[in-house]
1. Which value, in nm² and rounded to one decimal, describes the direction-averaged projected area of the C-alpha convex hull of the range 45-85?
2. Measuring from the lowest to the highest alpha carbon on each principal axis, how far does the range 193-341 reach, largest first, in angstroms?
3. Sort the following peptides by mean Cβ neighbour count (other Cβ atoms within 10 Å, averaged over residues), highest first: 137-144, 23-30.
4. Along the positive direction of the dipole of the chain (beta-carbon charges: Lys, Arg +1; Asp, Glu -1; about the Cα centre), which of PRO123, ALA161, LEU202 reaches farthest?
5. Kindly write out, for the range 323-336 in residue order, the coupling ³J(HN,Hα) from the Karplus curve 6.51 cos²θ - 1.76 cosθ + 1.60 (θ = phi - 60°), rounded to whole Hz, with x marking Gly and Pro.
6. In degrees from 0 to 90, rounded to the nearest 10, what is the angle of the helix 2-20 Cα long axis to the longest principal axis of the chain?
7. Determine the relative contact order of the range 193-341: mean sequence separation of Cα pairs under 8 Å and six or more apart, normalised by residue count, in whole percent.
8. Once you place label points 7 Å from the Cα toward the Cβ at GLU152 and ASP72, how far apart are they in nm?
Amino acid sequence: MIAAMLLAAQLIGLQATEEDSPFYRASIDTHEAVWGFRDGIRVALWPHAIGDAPGQGGPRGLLRIGYPILDDGGHWLVNFIAIEPVVAGCTARSFSELEPSATDGEPGKVIEAGPPPGIDEEPPVDGHYPGHVDEGADHSTLRVCFRVEPFESGAHVYVVAAFHSDRPDEAELRAYREEGSAELAACILTATMGNYERLRELHLRGGIRTAGDIYGEYEGTGFAPHTVIPADDIPRTPSGDALIAATTGEEDPSATHPDPDRPWFWYYPGRKVTQYWRKPADDLGDDLRALVNARAVYWSSEWPIPGGVSFENFELVEPYRPGRPVVFGITFRSPGELVGP
């Protein structure tokens, strides 16, 4: 009887600890492959969606990025991040979303979650790896390793995501080569779906540049060419971090239905947010640059984007070194609040 009471007390204590945690973890808070914050940014893997999105939540081979954008505070998909390594001596990227998987020949590399390197933990037999939590002096950190199946180029990489409890709007991402991988010139992590929220404003040191400013009257059905933003044009935070943000020009993007006859078609159902990449000052060099491209029609369609051309891919690019940190963030704060006066 006493042993049973002690066990019950331990279980109650564990449950209370998890409920007090800022983190949202696979196999603990959900049966799906989702990690991040209870009240902040989240990352999910195919075939699991952010929120109650229909189907499988989008293509395979991507990190699904969500945030509590719904009016009731619920989470929903905001963007995808693709993993695009470039083998040394080449200029062409490999595309995690588009390259066929060796498992079934269908598009999209398989990405599997597990413990970060150096952590000896096994995923649950009947669930997903919940992530590893480190308790620091002033904040705690949830880490998950996302392993990508090998690319045809010979690149074989993994990405370690870290969620720091003092930064609930951000996911820190670090790319590494697996043993046996080809040497890399770069491993680009790109936010691939700016057209979902119709991102048209790029916030730079000299002011806002819009997709219309850069791409004019572009009317093609493919991607407009990449535009390079040099390091000197990327704003700095008071601590010296480089931070480049993109926003929609619409105050209420949820008021626009791209195709009224298909209410679900590319419909963004939430509040306006700022999406941004941040590069920490302690790993910031002159070799950093930002890239954007744009579309005038939605991906895999010829349906015009309401309001005209908008940014689609949005990324930071730098030479590969193992574990270089980049941070993707989503927030209700304005770009001006992020970088300060």
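1. Hull-based average projected area comes out at 2.8 nm².
2. Between the extreme Cα coordinates on each principal axis of the range 193-341 lie 50, 30, 29 Å.
3. Packing proxy ranking, top to bottom: 23-30, 137-144.
4. LEU202
5. Computed from phi, the couplings for the range 323-336 are x, 5, x, 10, 10, 9, x, 9, 8, 7, 6, 7, x, x Hz.
6. With rounding to tens, the tilt is 10 degrees.
7. Dividing the mean separation by the residue count of the range 193-341 yields 32 percent.
8. About 4.4 nm, to one decimal.
Here, each number is a calculation from the coordinates, and none is a lab measurement. These numbers were taken from a predicted model, which means no experiment stands behind them. Every residue, glycine among them, receives a Cβ derived from its backbone with ideal geometry; neighbour counts consider all protein chains shown.
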